[in-house]
């Protein structure tokens, strides 16, 4: 049997989820072996460097390596020998042709690990997968493992927010494990015993419910964001103020204020792909009408980008050709360097295609942005980016941008015009400094 009290665990996949999970588990006192087939990524982690930006993670990685509790490998045989509890933390990107989740990395993780499992083992998926995936993988695992049905699989979805990944791992708001095996439940409970003792809810469900938890949460959050952005569309036409509207709604405890921030909309590697994969899976299950509302959620989100471009174009007289435009922000959200489906870069690239000279600045995501969008110009500071601008667009709400001094910015721009795509600024303050201020959903 797998000893639930074992302090050894492997983490398969060392991207955002895997690297964060591995470093945090080492911080919690476990002996952790991180595995990835990407040798360059493994060498980067071995050297004590995190290949992405996540506040606090560099320090945990260094601490784990120096204490000897954390190391990395490319060998599945070594992983199987090292521990009897294995966490699958690989990515499930979107398929371009259908919007469905691409499960090749999850399938490969199980198929590569299973042949090396010669003693009882627990494999726990943390990746976001379509409902029904875990049952298929469980059968595949026991079929391929020399130990047979004593290699058991459960599913425990992650709930990490980029920018808060360390906090969300060390102090999660809930732990869900999908399993009907007491052995799997015991192993996962032991992994998070410290958090459970501190009051974190521990929910045991079937595999299918566990798979649905993460995508359902993301679908709900995406719907809430798109709802307030739909109200922003109405507010602009009706002459209302969506910020005041959101505040009034937030006092209703049935609604609450979280994710009621109107603006440019959501992006990143989770919400957009997860709601599209959810719709694709619903179609496969024959229940597509149940999630048809998510198509409008997605459409509202995309319209916010087009509306931001329209506002900027109006401010400069109706034509971007030959104009100089500053975009503040490249990451899809602050405290991250993730540019996947970034609304900021989508807007910047579109405006550049319309003839403007676009310069982008972001505190963390410039390197990734340059690789993905070489057609744009980049600056190493906010003031440098804003030099000679005909209009400035604030599209990622970094603290640096929220606290920008309008008088300092006015000294370098050609025209004092700003589009606040995140409703992050005080319009009264900026207008008092002589700026023409526009924001989504406000007069």
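The values are calculated or read from the model by the stated rules, or taken from the named source; none is laboratory data. As the structure is a prediction and not an experimental result, all values here were calculated from the model. Cβ sites come from the backbone with ideal geometry, for glycine too, and all protein chains shown count toward neighbours.
Before we move on, is residue 391 touching a residue at least 60 places away in the same chain (Cβ under 8 Å), crowded, with 19+ Cβ neighbours inside 10 Å and in contact with a strand residue (DSSP E or B) (Cβ under 6 Å, 6 or more places away or on another chain)? Spell out the reasoning first.
Working: touching a residue at least 60 places away in the same chain (Cβ under 8 Å): yes; crowded, with 19+ Cβ neighbours inside 10 Å: yes; in contact with a strand residue (DSSP E or B) (Cβ under 6 Å, 6 or more places away or on another chain): yes.
Criteria met by residue 391.
Kindly establish whether residue 335 is farther than 20 Å from residue 96 by Cα, under 19 Å from the mean Cα position of the chain (by Cα) and in contact (Cβ under 8 Å) with a residue 12 or more places away in the chain.
Details: farther than 20 Å from residue 96 by Cα: yes; under 19 Å from the mean Cα position of the chain (by Cα): yes; in contact (Cβ under 8 Å) with a residue 12 or more places away in the chain: yes.
For residue 335, the condition - farther than 20 Å from residue 96 by Cα, under 19 Å from the mean Cα position of the chain (by Cα) and in contact (Cβ under 8 Å) with a residue 12 or more places away in the chain - is met.
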Here are some conditions: (1) closer than 22 Å to residue 427 by Cα; (2) surrounded by 14 or more Cβ atoms within 10 Å (Cβ to Cβ); (3) free of Cβ contacts under 8 Å to residues at least 60 places away in the same chain. Residue 237 meets all but one. Which one does it not meet? (2)
(1) in contact (Cβ under 8 Å) with a residue 40 or more places away in the chain; (2) over 23 Å from the mean Cα position of the chain (by Cα) all hold for residue 250 apart from (1)
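Looking at residue 45, is it surrounded by 15 or more Cβ atoms within 10 Å (Cβ to Cβ) and part of a helix (DSSP H, G or I)? Lay out the reasoning, then the answer.
On the way: surrounded by 15 or more Cβ atoms within 10 Å (Cβ to Cβ): yes; part of a helix (DSSP H, G or I): yes.
The answer is yes for residue 45.
Yes/no per residue for (1) in a helix (DSSP H, G or I); (2) outside the structural domain of residue 13 (by TED's automatic domain parsing); (3) over 16 Å from residue 37 (Cβ atoms); (4) at pLDDT below 95:
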| residue | (1), (2), (3), (4) |
| --- | --- |
| 58 | yes, no, yes, no |
| 63 | yes, no, yes, no |
| 66 | yes, no, yes, no |
| 71 | no, no, yes, no |
| 78 | yes, no, no, no |
| 81 | yes, no, yes, no |
| 90 | no, no, no, no |
| 96 | no, no, yes, yes |
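Here is a yes/no grid of residues against (1) farther than 13 Å from residue 421 by Cβ; (2) under 20 Å from the mean Cα position of the chain (by Cα):
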position: 263; (1), (2): no, yes
position: 282; (1), (2): yes, no
position: 302; (1), (2): yes, yes
position: 355; (1), (2): yes, no
Can you pull out every residue in the stretch 130-149 that is assigned to a helix (DSSP H, G or I) and free of Cβ contacts under 8 Å to residues at least 60 places away in the same chain? 136, 137, 139, 140, 141, 142, 143, 144, 148, 149
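If the requirement is being surrounded by 14 or more Cβ atoms within 10 Å (Cβ to Cβ), closer than 21 Å to residue 347 by Cα and either in contact (Cβ under 8 Å) with a residue 60 or more places away in the chain or not assigned by TED's automatic domain parsing to the domain that holds residue 343 (or both), which of these qualifies: 294, 271, 264? Full working, then the answer.
Numbers: 294 fails: closer than 21 Å to residue 347 by Cα; 271 fails: either in contact (Cβ under 8 Å) with a residue 60 or more places away in the chain or not assigned by TED's automatic domain parsing to the domain that holds residue 343 (or both).
Checking each option against the conditions leaves just 264.
From the list 196, 176, 213, which residue is surrounded by 17 or more Cβ atoms within 10 Å (Cβ to Cβ) and assigned to a helix (DSSP H, G or I)? Steps first, answer last, please.
Values: 196 fails: surrounded by 17 or more Cβ atoms within 10 Å (Cβ to Cβ); 176 fails: assigned to a helix (DSSP H, G or I).
Answer to the check: 213.
Does the stretch 194-206 include one or more residues that are touching a residue at least 40 places away in the same chain (Cβ under 8 Å) and out of contact with any helix residue (DSSP H, G or I) (no Cβ under 7 Å at 6 or more places or on another chain)? Even if it seems obvious, please write down each step before you answer.
Narrowing the stretch 194-206 to residues touching a residue at least 40 places away in the same chain (Cβ under 8 Å): 194.
Filter once more, so that each one left must be out of contact with any helix residue (DSSP H, G or I) (no Cβ under 7 Å at 6 or more places or on another chain): 194.
Checked the stretch 194-206: at least one residue is touching a residue at least 40 places away in the same chain (Cβ under 8 Å) and out of contact with any helix residue (DSSP H, G or I) (no Cβ under 7 Å at 6 or more places or on another chain).
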Using the structure shown, decide if residue 443 is over 25 Å from the mean Cα position of the chain (by Cα), at pLDDT below 95 and over 19 Å from residue 334 (Cβ atoms). yes
Hey, any hits in the stretch 159-172 for a residue that's modelled with pLDDT of 95 or more, assigned to a loop (DSSP other than H, G, I, E, B) and in contact with a strand residue (DSSP E or B) (Cβ under 7 Å, 6 or more places away or on another chain)? no
